[in-house]
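The values are calculated or read from the model by the stated rules, or taken from the named source; none is laboratory data. In this text the structure is predicted, and so the values were computed from the model without any measurement. Glycine also receives a Cβ, built like all others from the backbone with ideal geometry; neighbour counts cover every protein chain displayed. Remember, those area values only see protein heavy atoms, side chains included, never the ligands or the DNA or RNA. Shrake-Rupley method; radii C 1.70, N 1.55, O 1.52, S 1.80 Å.
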Amino acid sequence: MLRIELKENRPGYAYFSAAKWKGTADVEISIQRNQDGKYFVEGDLWQAEPVWHKLAEMNVSDEVLQGVIGPNIIDSLVQQVGNVRYMLAVRDSTNISSTDSGPVRMVGNILASLASGDSSRSDDVREFSGPKIAENAQNVENTVTEDHSEQLTGPEEVVEFVVNSDSTESEVQVQPEESKEEPQATPKKKKLLGIIVGVILLLIGGGIYLFLNSDKPAEVQKSACDIDGNHSDDLAFLQSCLKSNPEPKRILEIIDNAKKVNKCGIAQRLYANQAQSGNIDIALAYAKEYETSSACFQEDKSTAIYWYETVLSYDPNNAVAKQKLEELKK
């Protein structure tokens, strides 16, 4: 297996090196992305079958194939959405049977060609000035203050504050102007009972609200990640499902369900997304898929090695990944 690196150069370009190359400098490459297993064609176009791209001005030194790759390839690789990884195959144009491959390691801040000479950001920054923001905030504050002052005005004569001489408790009574001469005779016990009943009703209402809302996260997670085979947009399904933050065990169940209903794209993308995020259990399961062929995965020793090596990049002492790599590299 080749040790392939793309290193930072100027925007749109990257230094390319492939260690352990046994062929000549006259080579072609094919690039496969892990999220869906498709191969780079050009621009934003990817397809299921490999496409070979001629590399110019390469050289070989001490079994290291090296040179510079330009925007026709680099722009497309760095502008992919999400954490995409690549498997790159190299074949000798003078001897097509001489072919080798390996995962691509991206080194440094590799940029697209559009990153050079872009001054639009500085223009945008100048549009937002501190004084304007402060002035707007003051206007909003004044408006809110005026609105509240209008809401608080009302007929003062309607409200009376009555203080009972035989109690330390003050009571507020609202009554019409003409009823002042006829005080309302309400027993204190009746008022106290009314207050207690009101508090109890508030507590019951709050408890019911919390009970009903406590079930919502589980319902959302269940519906968002439930696969019935009728999803037409795999990417939209994954985005909706991952927003519910399913546990790793649940993710493996979703992948298993996706394979059962032949939604292979969902299974592959979910595997890749979680494996790239450092989920070791899922990365191990993903690597194992490529050890044997199934409805959604074709046996591919190099891809299995790639994902076991990915596990070791997160956990260098992972015993399972070490053992599997020893077996696969024999």
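Being more than 20 Å from the chain's Cα centre (by Cα) and either surrounded by 15 or more Cβ atoms within 10 Å (Cβ to Cβ) or in a loop (DSSP other than H, G, I, E, B) (or both) is true for just one of Ala258, Ala272, Ala287, Ala267. Which residue is that? Before you say what the answer is, go through the steps one by one.
Working: Ala258 fails: more than 20 Å from the chain's Cα centre (by Cα); Ala272 fails: more than 20 Å from the chain's Cα centre (by Cα); Ala267 fails: more than 20 Å from the chain's Cα centre (by Cα).
Exactly one residue qualifies, and that residue is Ala287.
All but one of (1) at pLDDT 90 or above; (2) over 30 Å from Asp226 (Cβ atoms); (3) assigned to a helix (DSSP H, G or I) hold for Glu253; state the number of the condition that does not hold.
Unmet for Glu253, out of (1) at pLDDT 90 or above; (2) over 30 Å from Asp226 (Cβ atoms); (3) assigned to a helix (DSSP H, G or I): (2).
Results for (1) in contact (Cβ under 8 Å) with a residue 40 or more places away in the chain; (2) open to solvent by 30 Å² or more (accessible area, probe 1.4 Å), shown as yes or no for each residue.
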| position | (1), (2) |
| --- | --- |
| Ala14 | yes, no |
| Phe40 | no, no |
| Glu49 | no, yes |
| Trp52 | no, yes |
| Ile69 | yes, no |
| Asn72 | no, yes |
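Return the only residue of Asp36, Asp118, Asp92 being at pLDDT below 90, under 29 Å from Tyr308 (Cα atoms) and among the acidic types (Asp, Glu).
Working: Asp118 fails: under 29 Å from Tyr308 (Cα atoms); Asp92 fails: at pLDDT below 90.
Just one listed residue meets the conditions, Asp36.
When region 32-88 is examined, which residues are found to be among the small types (Gly, Ala, Ser) and part of a strand (DSSP E or B)? Show your work before the answer.
Going through region 32-88, the residues among the small types (Gly, Ala, Ser) turn out to be 37, 43, 48, 56, 61, 67, 70, 76, 82.
Across region 32-88, the qualifying residues are Ser61, Gly67.
List, please: which pairs have Cβ atoms under 9 Å, are six or more places apart or on different chains, and start with a residue in region 102-115 that is farther than 12 Å from Leu6 by Cα and end with one that is of a type in the set (Phe, Trp, Tyr) and open to solvent by 40 Å² or more (accessible area, probe 1.4 Å)?
From region 102-115, the pairs are Ser113/Tyr13.
Only one of these is open to solvent by less than 60 Å² (accessible area, probe 1.4 Å), hydrophobic (A, V, I, L, M, F, W, C) and over 20 Å from the mean Cα position of the chain (by Cα): Ile282, Ile305. Name it. Write out each step before concluding.
Working: Ile282 fails: over 20 Å from the mean Cα position of the chain (by Cα).
Just one listed residue meets the conditions, Ile305.
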